[in-house]
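To keep things clear, I will list the structure first and then write my remarks on it.
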Amino acid sequence: MNIIHRRGWDMPEHLATPEHLVFSRRALLVGGASALAMLPAAARAADSKWQHYPVPDLYPAKRNDKFKLDRAITAEKINDNYNNFYEFGTSKYIAEASQALKIEPWTIKIDGLVEKPQEIGIDDLIRKMTLEERLYRHRCVEAWSMAIAWTGFPLAKLVAFARPLGAAKFVQMTTFMDPKMAPGQNLSWFPWPYIEGLTMAEATNDLAFIATGCYGHPLDKQHGAPIRLAVPWKYGFKSIKSIVRFTFVDKQPAGMWQKIQPSEYGFWANVNPQVPHPRWSQATEEVIGTGERRPTLLFNGYGEYVADIYKGMEGHQMWM
Ligand SMILES: Nc1nc2c(c(=O)[nH]1)N[C@H]1C(S)=C(S)[C@@H](COP(=O)(O)O)O[C@H]1N2
Ligand SMILES: [Mo]
């Protein structure tokens, strides 16, 4: 995370998806089944890609209009080719490498301070939920941002499903661990696996979202298939990808970045333009794909949803 890209969008040409393959399935559905039948063969092949992902029949889901953007959605082909997923390499260009991620089968373990520990297959879990689409901003601690159409369900629904005990104070989330599949996990100076955590108040806030899809289809591997977190009021590293385990605990979990550099990446990591990272300003952000820099907003603009959680905590280091 040491590198800041200051020169704008610099995706290599060969990674760009040909324009004729970039279209929204939603737009096609507006035209009805007959429009689907008239698709060129290449487009139909692209659609069948999702047959190997969990519950493709549930996409696209209905948009929840409560969550409005103040900017355009980042183009999918740009979002798909500019990622942080250190399990597959330390650059932004891991889209191809991340295709090695095996998502069938995928089992989620729910344990710790719960009424009854359980394991559940990803398809079963998603089918217990009602999927919705939400447009969220995303602000990386490296001072860049995007806007994304996620599909998924509130983390609060998963917490309810897990039935935590009263003693549970935090939910700790863990990414898969498989160095043979994910070469980045052979870099031994990283304390793998990737772990992140939230307080119960944060995890049950309406804004805390579990994404199982994006852009109207199941989640791509580079975005953390088949299930990842989206907590848009916090710096992006809190939004852990490819989760295999939710553990309810009574002690504040230490995230992977926090273990590496606690003076730069803390537990709270709430977005605040006035509190600089020790090595750079957080006042503005580069909006990836636009060449634009804009002012960063307190809580990334989501204060109306989450500011109450932090009332009375003014002494804490909530901004890193
Ligand atoms: N398991 C895992 N989760 C992760 C990361 C990672 O390297 N590994 N990177 C984080 C960071 S720093 C960011 S900014 C976002 C990037 O998500 P995106 O590639 O879908 O934009 O994922 C977060 N979740
Ligand atoms: Mo990030």
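The values are calculated or read from the model by the stated rules, or taken from the named source; none is laboratory data. Given the structure is predicted, the values throughout are model-derived calculations rather than measurements. Because the Cβ atoms are built from the backbone with ideal geometry, glycine has one as well, and the counts that use them run over all protein chains shown. Protein only, heavy atoms only, side chains kept; ligands, DNA and RNA dropped before computing areas. Shrake-Rupley method; radii C 1.70, N 1.55, O 1.52, S 1.80 Å.
With a 1.4 Å probe and every protein chain left in place, work out the accessible area per residue of segment 110-204 in Å², rounded to a whole number.
For segment 110-204, the solvent-accessible area averages 38 Å² per residue.
Extension gain, residue 314 to residue 111, is 69.9 nm, computed as 0.36 nm per intervening residue step minus the present C-alpha separation.
Remark: the residue 292-residue 130 segment gains 54.8 nm on full extension, using 0.36 nm per residue and subtracting the alpha carbon distance. Ellipticity at 222 nm from helices only: DSSP H runs of n ≥ 4 in the chain, each -39500 (n - 2.57), divided by the residue count, give -3500 deg cm²/dmol. Ordering 154, 291, 52 by the projection of their Cα atoms onto the charge dipole of the chain, which places +1 on the Cβ of Lys and Arg and -1 on the Cβ of Asp and Glu, puts 154 at the extreme positive end.
When the chymotrypsin sites (Phe, Trp or Tyr not before Pro) in segment 111-193 are filtered for DSSP coil states and for at most 16 other beta-carbon atoms within 10 Å of their beta-carbon, the remaining sites are 189.
Taking all protein chains together and a 1.4 Å probe, the residues 133, 104 rank 104, 133 from largest to smallest accessible area. When peptides 198-205, 265-272 are sorted by average Cβ neighbour count within 10 Å, with the highest value leading, the order is 265-272, 198-205. Each Lys and Arg adds +1 at its Cβ and each Asp and Glu adds -1 at its Cβ; summed about the Cα centre, the chain shows a dipole of about 180 debye. Taken over the Cα atoms of segment 41-132, the convex hull encloses 192 Å³ per residue. Between the beta carbons of residue 263 and residue 188, assuming R0 = 25 Å, the FRET efficiency works out to 0.70 to the nearest 0.05. The alpha carbon centroids of segment 184-204 and segment 212-252 are separated by 11 Å.
Value of Rg to Rh for the chain, rounded to two decimals, is 0.94; Kirkwood radius and Rg both from alpha-carbon coordinates.
The order of the peptides 121-131, 305-315 by mean Cβ neighbours within 10 Å, most packed first, is 121-131, 305-315. Here's the picture: charge each Lys and Arg Cβ at +1 and each Asp and Glu Cβ at -1 in the chain, and of 307, 173, 217 the one pushed furthest to the positive end of that dipole is 307.
Can you give the local net charge around residue 127? Use residues other than it whose beta-carbon is closer than 15 angstrom to its beta-carbon, Lys and Arg +1, Asp and Glu -1.
With Lys, Arg at +1 and Asp, Glu at -1, the net is -2.
Accessible surface of residue 249, taken over heavy atoms with a 1.4 Å probe and every protein chain present, rounds to 30 Å².
Taking amide hydrogens as placed 1.01 Å from N in the peptide plane, the amide H of residue 244 sits under 5 Å from those of 174, 175, 176, each at least 5 positions away in sequence or on another chain. Looking at segment 136-237, the trypsin sites (Lys or Arg not before Pro) that sit in a DSSP loop and have at most 13 other Cβ atoms within 10 Å of their own Cβ are 180. Within the accessible surface of segment 62-310, defined with a 1.4 Å probe on protein heavy atoms only, the carbon and sulfur portion equals 54 percent.
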